[in-house]
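What follows is a single structure, written as structure tokens, with notes after it.
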Amino acid sequence: MANVLVFAETRGVALRKVALEATTAARALADATGGGEVHALVAGPPGVGAVAEQLGKHGADVVVVVEHAGLANFNCEVAAASVAARVKGASYRAVLLGFSAQGRDVGPRVAVKLDAPIVADVTAIQAATGDSLIVQHPGYANKVIATLEVKSPLAVLSVRPSAITAQAAERTARVDTMAPAADPAASRVMVKEVVEGGKGKIDLGDAPVIVAGGRGLKAAENFKIVEELAAAFGNAAVGATRAVTDDGWRPHSDQIGQTGRQVSPQLYVAVGISGAIQHLAGMRTSKTIVAINKDKEAPIFKVADYGIVGDVMEVVPALTKAVHEAKAGH
Amino acid sequence: MGTSNLVFAFILTLGAGFFALNVQRLVGYMQIGKSDDRSDHPLVRLKNVLTIGIGQTKIFRDPVAGAMHATIFWGFMVLTAGTVEILIQGVFSKFSYALLLPKLVYQLYAMSQDGFAALVIAAIAFAFYRRLVLHPKRLEGDKLEHTDALIILGMIGGLMVTLLLTNACQYLLDPSAIGPEKFVSRQLAGLIAPLDPAPTRLFTVFWWSHALLILTFLNYLPYSKHLHVATSLINVYLSNTSGPGQKGVMRPMDLEADVDHFGAADVEDLTWKNLLDGYSCTECGRCTAACPANLTGKLLSPRKIVINSRQRLMEKAPVALGDHMEFMHPALVHGEGDDAGATTLTEVLEHRLLDTYITEEELWACTSCRACVQECPVSIDQLDIINEMRRNLVLTESRFPEEIQPAFESLERNGSPWAFNPGDRALWAEGLEINTMAELMERGERPDILFWVGCMGSFDDRAKKIAVAFARILKACNVNFAILGQEEHCHGDPARRMGNEYLYQMLAKDTIGTLDRYEVKTIVTSCPHCFHQMGNEFPQLGGNYEVIHHSTYIERLLQENLVPLQSDHGQRLTVAYHDSCYLGRYNDVYDAPRETLKRSLPVINLVEPPRTKDRGLCCGAGGGRMFMEERVGKRINVERTEELLATGAETIAVACPFCMTMISDGVKAVQSDVPVLDIAEVVAGQLA
Amino acid sequence: MKIAVCIKRTPDSESRFRIAASSTAIDETGLKFDIDDFASYAVEVALQLNEKQGPGEVVVYAVGPDAVQETLRKAMSMGVDRAVQLKTDSVPYDGLAVAKALAAELAGGGYDLVLFGKHAFDTSSGVVGTATAELLGIACVTAATKLDIANGKGTARRELEGAAETVEFSLPAAVTIDEGIARPRYPSLKGIMAAKKKPLETKPAQLGDVRITVKALQLPPDRPAGRIIGEGAAAVPELIRLLQTEAKVL
């Protein structure tokens, strides 16, 4: 029987989705090792303790609340010190957290403070016996999946966001309060400014979704259907082929391909793009590729996961409408 | 010897001496360049002098200007003999070739002098008309260049006129001295006689004018673009652009050499031959007029490259050599060239050919199509300078358009300029039952030919169809062939053309290692770049193979009736064939692809655009331009596609995967639906 | 400024990977190895900082077998002054063990800045940089997309999920570098020649306990072949369904 500690990530006073996923993973691990407790630690500004209820519903037995006015912005050093302090004062089998921007920072620090091995970006915890944990971790840009054994009485694991589905395991969590284990004002790294995304134009390199247009659009003014589809996704950037930027329909900075940007978004929608070698070199590694083209022989269909043969002027507006509806229903 | 003889002897010595000093100065300047052995193949070189030089074959590529120039040139050749006679007569009044030559020969000589003098005058008149009235675009230079040209034309005209007038006066004074073969002079005498029947004074004036004009002309040359009068034949002899050796082969480079930089950044990094090219350039602009980059509005002008290397030499050499004859320094006039305007020694030393005179932008605009080299009437090698300067940019300074870095990195990591998985190289051949060399080797067999597929044929969806078509033809003809499969990788030619000799040699040597391991003798490839590189440049690195382009290979198969063709000839099709530069201008393969088309499509109507064969316009992809952006001016591929479509062609045929990409894009850009086919696809489509 | 850059040698990401017979390693035949992409951005950032800040020193470190010497030379051909190889037979999957080896070496180095790639292509963990910083007891900023050093202080921009933040930090510090910050320079032949003469020191790596071991490697299921799901606007509902349920990107 062993307890598991979760660092439950918050932004402001709100819990992040990955915190619940880590809690679910911790619950499973605690249950697998003979029914230990799941403890979740949150660190944030006053009021953050209110997330305890939500954590309890997902399987946390104890919620350790670290509230401090100096924690309005995420403070890695305080979070790591507090997690380590909590572990040192008790007995835990593992520390779990998300493999998110925060988790990437906190995990290794906790591991060093506790001298515990850390596996990052875990997609599954497969077995726990004695001092041994068997976990799955994708490497080589997801081209290889590693099964790793961690041999240590205490381990740090960061779990890949969305890899584990958060599940309800209703209980009422006890709340422990704790003072920050480090002075937030003494941090060596201070956040000066946070810019929320979604307001400015999303860079092609960062965009989770890219909608790109090619010469199949026939004219510069038809590019607006590409922009409208991108707007429907909300988190999409607009790209173009070399032919299109050469023709001046779009700025050169929008070009995707061998001589332009090389991108690999979660979703790539190719509109009126035939798929010349020069273009494929810039987008082949996208996770999911959708192609819309009137020529069913176009090479783009060879790399596309989903293809629609048809007139872009007809298909794209219909898709835009459908995406809007899908987003609204979500 | 009279007083005037003595005076003339003195002036002649002075004039000749000053000219000799200038020759010494200019030859000295050339020596700051690197060495380059051009003493090989004297007979080939002599043949070039006789055809390109004396025969003016390249000059006649522009028939109108050609006739004009050839008249003046041949006139000069003939009249130089007369000039020597006149100069000797200046010292020894009694001298005449008549004393040395048989009568008939002398009469012929005398007639040629008069006849050519008249012809030259006519040609000069036309030259003035052309420059002052017609203004051909390619002669666009600066004011100084125009003035220089007019001075020279004036002097030549003056020389001819004074020569004839001198003869005419002499005839009036002593009719026996000027025989009937000097028919023009005699006619002229008839015009002078009414003014002065015994023109002793006029004779003296014209004779001295002529003699002094000769010396003035001689001494003006070193300060004029017309220095080519003295250097062009020498330059043609020493040039390699029409052989000896294979055309268009890049200079070998020793990467282990203990040097502080690679390639050319300044005139000292060029060879003396590059510098002689500068002296030989008359700024006729034929190179620039043929340059696809210049034609479509890019900054590059091959003429400017040559003139600028000369301008920089004039600035740098006196300083580098500690030449103190400053009064002799005024530079050769500059047409399109820049004058960096250095006034202090520090400025001269701060300047260099790269950046001060020739910009990076110009160098990267070159498609290495060789049109400039092909056109040059005096066999200047503009491309050699560009290639050397690109080498410096990449190897020494790591400066290049950022979009070619992925190509370099991918060549290094994936063995092709595109970031494709090397393991997918032979996917195009799946299901076609094509042997790899390794498979045959294992069975103890050896194919007759290796089909070198190339990176385009391996990875580009459009070019894969060409590879399949060619493989189908080989199979239909029962040719015993194999591919390297995953063991093939780029030979590095794109890297070499983009100046990255280091990467090139790495890839080329590795390729040679693979080919030698399989004891490959004969290679057939559908890519002219692979064809040129492996056939013509691999020998520099010790790789010697017979490399055949697929157009030649298919033509041979057709000729030997080995290709099972459909008997139905189908409908009459109008086809325009687009010449690939690396097949045509680099390797003189013009007929094989055309013959292939005619043999496989007996009812074909083969049409030619105005720019065709050795004048063909590049598709825009050569010299690594395939991997660069084309942001300035009109796109070359569109320009070329428009020319091809203007022939009324219903199909465009190509014989190069790079041309295929560019022309296909061009066809799309002008919203045409004319199909673009490789010659192998045309033949494969006719297989029975 | 004195800057250390810790780099890793990884196979080209375009490669098609196979698992070695041992099933605990990838089959390295035919793979092209080079400096890891993120590490190459870190090298570039270090060189640019050094050029901007005036005379200083940039030193590269790599843990691994002798093959990493080639990678270290590559960094030196870009302009790095010298290199240190921390020799091991292989690089363990345990990032903390690697961090200990690096921290032991860097501790007395007097570096103002220690740069890392955001993570390495092979292990894709992003542990080593942060752990090394923690071991050294210095400030750490991860995944920087902008980095400036002025007046003994650093400023960096980091991209978070759906947001970006600007942070200020004290020196010495460790910074891990994300893509988009700088395009790594292409080594000139001159640089390659010069790199051959630059000092490369080899020392045994003082790895900590290696507590993470690879039990098995496997390849993920093949990506399903592309398919055409229909023609015209009528195919849109099916596409939406697939994006939601199969690809899970909507």
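The values are calculated or read from the model by the stated rules, or taken from the named source; none is laboratory data. Just so it is clear, the model here is predicted, and its values are computed rather than measured. Counting neighbours? That spans all protein chains shown, and the Cβs are built from the backbone with ideal geometry, glycine included.
Could you list, in sequence order, the residues of the stretch C:14-28 that are farther than 20 Å from A:Thr147 by Cβ and either surrounded by 18 or more Cβ atoms within 10 Å (Cβ to Cβ) or more than 11 Å from chain B (Cβ to nearest Cβ) (or both)?
Correct list: C:Glu14, C:Ser15.
Determine whether B:Gly454 is modelled with pLDDT of 95 or more, within 14 Å of another protein chain (Cβ to nearest Cβ) and out of contact with any Phe, Trp or Tyr (no Cβ under 8 Å at 6 or more places or on another chain).
Taking the combined requirement at face value, the residue satisfies it.
Can you report the number of residues in the stretch B:437-476 which are among the acidic types (Asp, Glu) and surrounded by 17 or more Cβ atoms within 10 Å (Cβ to Cβ)? If you could, list the steps in order and put the result at the bottom.
Narrowing the stretch B:437-476 to residues among the acidic types (Asp, Glu): B:439, B:442, B:445, B:448, B:460-461.
Filter once more, keeping what is surrounded by 17 or more Cβ atoms within 10 Å (Cβ to Cβ): B:460-461.
Within the stretch B:437-476, residues that are among the acidic types (Asp, Glu) and surrounded by 17 or more Cβ atoms within 10 Å (Cβ to Cβ) number 2.
For the stretch C:114-125, give me each residue that is closer than 25 Å to C:Glu57 by Cα and either within 7 Å of chain A (Cβ to nearest Cβ) or hydrophobic (A, V, I, L, M, F, W, C) (or both). Working first, answer last.
First, the residues of the stretch C:114-125 that are closer than 25 Å to C:Glu57 by Cα: C:114-120.
Within the stretch C:114-125, C:Val114, C:Leu115, C:Phe116, C:Ala120 qualify.
Being more than 20 Å from B:Val378 (Cα to Cα), in contact (Cβ under 8 Å) with a residue 12 or more places away in the chain and not aliphatic (A, V, I, L, M) is the filter here, so list the residues in the stretch B:57-108 that pass it.
Answer for the stretch B:57-108, where residues must be more than 20 Å from B:Val378 (Cα to Cα), in contact (Cβ under 8 Å) with a residue 12 or more places away in the chain and not aliphatic (A, V, I, L, M): B:Gly82, B:Thr83, B:Glu85, B:Gly90, B:Phe92, B:Ser93, B:Tyr97, B:Gln107.
If only one of B:Glu487, B:Glu409, B:Glu439 is touching a strand residue (DSSP E or B) at 6+ places or on another chain (Cβ under 9 Å) and within 12 Å of chain A (Cβ to nearest Cβ), which one is it? Steps first, please.
Values: B:Glu487 fails: within 12 Å of chain A (Cβ to nearest Cβ); B:Glu439 fails: within 12 Å of chain A (Cβ to nearest Cβ).
Residue meeting the stated conditions: B:Glu409.
Look at the stretch B:89-141 and say how many of its residues are closer than 13 Å to B:Gly157 by Cα and either touching a Leu at 6+ places or on another chain (Cβ under 7 Å) or not in a helix (DSSP H, G or I) (or both).
5
Please work out which residue is farthest from A:Pro317 (Cα to Cα), limiting yourself to the stretch C:233-250 and to residues that are in contact with a strand residue (DSSP E or B) (Cβ under 8 Å, 6 or more places away or on another chain) and surrounded by 15 or more Cβ atoms within 10 Å (Cβ to Cβ). Steps first, answer last, please.
From the stretch C:233-250, those in contact with a strand residue (DSSP E or B) (Cβ under 8 Å, 6 or more places away or on another chain) are C:235-236, C:238-239, C:242-243, C:247, C:249-250; that's our starting set.
Subset that is surrounded by 15 or more Cβ atoms within 10 Å (Cβ to Cβ): C:235-236, C:239, C:242-243, C:247, C:249-250.
Details: C:Ala235: 13, C:Val236: 10, C:Leu239: 14, C:Leu242: 18, C:Leu243: 17, C:Ala247: 21, C:Val249: 19, C:Leu250: 17 Å.
Restricting to residues being in contact with a strand residue (DSSP E or B) (Cβ under 8 Å, 6 or more places away or on another chain) and surrounded by 15 or more Cβ atoms within 10 Å (Cβ to Cβ), the top hit is C:Ala247.
Within the stretch C:32-71, can you find the residues that are more than 17 Å from C:Ser15 (Cβ to Cβ) and among the β-branched types (Val, Ile, Thr)?
Of everything in the stretch C:32-71, those that are more than 17 Å from C:Ser15 (Cβ to Cβ) and among the β-branched types (Val, Ile, Thr) turn out to be C:Val43, C:Val45, C:Val58, C:Val59, C:Val60, C:Val63, C:Val68.
List the helices (runs of 4 or more DSSP H) inside the stretch B:576-688, counting only whole elements, that have at least 1 residues being without any contact (Cβ under 8 Å) to a residue 40 or more places away in the chain and within 26 Å of the chain's Cα centre (by Cα).
Of the helices (runs of 4 or more DSSP H) lying wholly inside the stretch B:576-688, those with at least 1 residues that are without any contact (Cβ under 8 Å) to a residue 40 or more places away in the chain and within 26 Å of the chain's Cα centre (by Cα) span B:591-600, B:636-645.
Quick test of your reading of the structure: B:Asn544 fulfils all but one of (1) modelled with pLDDT of 95 or more; (2) in a helix (DSSP H, G or I). Name the failing condition by number.
(2)
Restricted to the stretch C:225-250, and to residues that are assigned to a loop (DSSP other than H, G, I, E, B) and within 7 Å of another protein chain (Cβ to nearest Cβ), which residue is modelled with the highest pLDDT?
Initially, the stretch C:225-250 is screened for residues assigned to a loop (DSSP other than H, G, I, E, B), giving C:225-226, C:232, C:246-250.
Narrowing further to those that are within 7 Å of another protein chain (Cβ to nearest Cβ): C:226, C:232, C:247, C:249-250.
Working: C:Gly226: 76, C:Gly232: 91, C:Ala247: 82, C:Val249: 82, C:Leu250: 78.
By that ranking, first place goes to C:Gly232.
Among (1) over 20 Å from the mean Cα position of the chain (by Cα); (2) buried (at least 23 other Cβ atoms within 10 Å of the Cβ), there is one condition A:Leu55 misses while meeting the rest; what is its number?
Answer for A:Leu55: the failing condition is (1).
From the residues in the stretch A:238-273 that are buried (at least 20 other Cβ atoms within 10 Å of the Cβ) and farther than 22 Å from B:Arg631 by Cβ, which one is nearest to the other protein chains (Cβ to nearest Cβ)?
So the residue we want is A:Leu267.
Answer yes if at least one residue in the stretch B:11-28 is crowded, with 18+ Cβ neighbours inside 10 Å, more than 28 Å from B:Gln246 (Cα to Cα) and in contact with a Phe, Trp or Tyr (Cβ under 9 Å, 6 or more places away or on another chain), and no otherwise.
yes
I'm trying to understand the selection: among the residues of the stretch A:136-155, which are within 9 Å of chain C (Cβ to nearest Cβ), assigned to a strand (DSSP E or B), within 16 Å of A:Phe99 (Cβ to Cβ) and not small (Gly, Ala, Ser)? Let's see the steps before the verdict.
First pass over the stretch A:136-155, keeping only residues within 9 Å of chain C (Cβ to nearest Cβ): A:137-152, A:155.
Subsequent filtering for residues that are assigned to a strand (DSSP E or B) retains A:137-139, A:144-151, A:155.
With the extra rule that they be within 16 Å of A:Phe99 (Cβ to Cβ), the set shrinks to A:137-139, A:145-146, A:148, A:150, A:155.
A:His137, A:Pro138, A:Ile145, A:Leu148, A:Val150, listed by residue number.
Looking at the stretch A:97-109, which of the residues that are more than 9 Å from chain C (Cβ to nearest Cβ) and closer than 16 Å to A:Val78 by Cβ is nearest to the chain's Cα centre (by Cα)? So that I can check it myself, show each step before the final result.
Just the residues of the stretch A:97-109 that are more than 9 Å from chain C (Cβ to nearest Cβ), to begin with: A:97-98, A:103.
When the remaining residues are screened for being closer than 16 Å to A:Val78 by Cβ, the result is A:97, A:103.
Working: A:Leu97: 13, A:Gly103: 11 Å.
Residue satisfying both the conditions and the ranking: A:Gly103.
Can you tell me which residues in the stretch A:295-330 are within 7 Å of another protein chain (Cβ to nearest Cβ), touching a strand residue (DSSP E or B) at 6+ places or on another chain (Cβ under 8 Å) and surrounded by 15 or more Cβ atoms within 10 Å (Cβ to Cβ)?
A:Phe301, A:Val303, A:Ala304, A:Asp305, A:Tyr306, A:Gly307, A:Ile308, A:Val309, A:Gly310, A:Val315, A:Leu319
With A:Gly103, A:Gly139 as the choices, which residue is out of contact with any Pro (no Cβ under 6 Å at 6 or more places or on another chain) and touching a residue at least 60 places away in the same chain (Cβ under 8 Å)? Before you say what the answer is, go through the steps one by one.
Details: A:Gly139 fails: touching a residue at least 60 places away in the same chain (Cβ under 8 Å).
Of A:Gly103, A:Gly139, the one residue that is out of contact with any Pro (no Cβ under 6 Å at 6 or more places or on another chain) and touching a residue at least 60 places away in the same chain (Cβ under 8 Å) is A:Gly103.
Hey, does the stretch A:68-84 have a residue that's out of contact with any Leu (no Cβ under 6 Å at 6 or more places or on another chain), more than 14 Å from chain C (Cβ to nearest Cβ) and farther than 22 Å from C:Val141 by Cβ?
For the stretch A:68-84, residues out of contact with any Leu (no Cβ under 6 Å at 6 or more places or on another chain), more than 14 Å from chain C (Cβ to nearest Cβ) and farther than 22 Å from C:Val141 by Cβ: present.
Which members of the stretch C:160-195 meet the condition of being in contact with a helix residue (DSSP H, G or I) (Cβ under 7 Å, 6 or more places away or on another chain) and part of a loop (DSSP other than H, G, I, E, B)?
Selection gives C:Glu161, C:Glu179, C:Ile181, C:Ala182, C:Arg183, C:Pro184, C:Arg185, C:Tyr186, C:Pro187, C:Ser188.
Spot the failing condition for C:Ala143; the list is (1) more than 10 Å from chain A (Cβ to nearest Cβ); (2) touching a strand residue (DSSP E or B) at 6+ places or on another chain (Cβ under 7 Å), and only one is missed.
(1)
Suppose the filter is in contact with a helix residue (DSSP H, G or I) (Cβ under 6 Å, 6 or more places away or on another chain), of a type in the set (A, V, I, L, M, F, W, C) and in contact (Cβ under 8 Å) with a residue 40 or more places away in the chain; does C:Ile7 pass it?
Numbers: in contact with a helix residue (DSSP H, G or I) (Cβ under 6 Å, 6 or more places away or on another chain): yes; of a type in the set (A, V, I, L, M, F, W, C): yes; in contact (Cβ under 8 Å) with a residue 40 or more places away in the chain: yes.
Answer is yes for this residue.
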